[in-house]
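Student: This is the structure I have questions about; it appears just below.
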Amino acid sequence: LGELDLKITDPERQTVAIAEAFNLSCLNTTIIREHILKIFDYDANGLPENFILVYVESDDFADLWKKYCAYLPELPEPAKPVKDVEPIETKMKKLRCARTTHRVEQKETILYHLFIKVEKKAEKKATP
């Protein structure tokens with residue numbers, strides 16, 4: 001199962017949201033599915049909102065975002081959204097956001113997907 005990537009707490013140290021993070025360089029549906037399903041396993045309390053953080057290394061960031069959003073409705077339960085993927089406008093060039101709504105135990109839960117462009121690591125040149 002792994003470990004929880006991030007827990008967000010209130011001043012009383014009560015968990016208010018959790019986040020699952022992963023890297024993506026192409027539309028790898030296995031990685032996407034595995035990580036999004038994890039958040040439902042980690043959320044034993046049925047929190048109303050959680051986060052998916054995707055660190056993207058891709059030359060075509062915008063195209064990969066479109067493919068990612070198009071794939072989300074294909075996820076299995078409980079990760080399959082019960083409503084359309086809702087884009088969230090942002091003014092940042094290297095960030096895309098969307099919201100998906102899911103039903104778990106007859107309650108709606110929201111996942112916020114943050115798609116973050118990261119610069120490709122420069123390859124180190126071999127020294128003679």
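Student: Quick one: how many lysine pairs in the stretch 33-119 have C-alpha atoms under 19 angstrom apart, if they're 8 or more apart or on different chains?
Tutor: 18
Student: Related question: Starting from a Cα-only point model with no solvent, please compute log10 I(q)/I(0) by Debye for the stretch 16-80 at q = 0.11, 0.19, 0.25, 0.29 1/Å.
Tutor: For the requested q values the scattering log ratios are -0.26, -0.74, -1.14, -1.35.
Student: Compute the acute angle (0 to 90°) between the alpha-carbon long axis of helix 61-71 and the principal axis of greatest extent of the alpha-carbon atoms of the chain; round to the nearest 10°.
Tutor: Roughly 30 degrees between the two axes.
Student: Given q = 0.25, 0.30 Å⁻¹, what are the Debye log10 I(q)/I(0) values for the stretch 67-115, with equal point scatterers placed on the Cα positions and solvent ignored?
Tutor: Log10 I(q)/I(0), no solvent term: -0.92, -1.17.
Student: OK, next. Please work out the Cα center distance from the stretch 38-68 to the stretch 83-104, rounded to the nearest Å.
Tutor: 10 Å
Student: How long are the three semi-axes of the equivalent ellipsoid for the chain, computed from the Cα gyration tensor as the root of 5 times each eigenvalue, in whole Å, largest first?
Tutor: 27, 18, 14
Student: Counting DSSP beta bridges with both partners in the chain, what percentage is antiparallel, nearest 5?
Tutor: Percentage antiparallel, nearest 5: 55.
Student: If you don't mind, another one. With each label point set 7 Å from Cα along the Cα-Cβ vector, what nm distance links S25 and M92?
Tutor: Modelled inter-label distance: 2.3 nm.
Student: Which whole-number value in Å² is the accessible area per residue of the chain, probe 1.4 Å?
Tutor: Working: 8570 Å² over 128 residues.
Computed with neighbouring chains in place, this is 67 Å² per residue.
The values are calculated or read from the model by the stated rules, or taken from the named source; none is laboratory data. Note that this is a predicted model, so its numbers are computed, not measured. Don't worry about glycine lacking a Cβ; one is built from the backbone with ideal geometry, like all the others, and counts go over all protein chains shown. Side chains included, ligands, DNA and RNA excluded: accessible areas come from the protein's heavy atoms. Shrake-Rupley method; radii C 1.70, N 1.55, O 1.52, S 1.80 Å.
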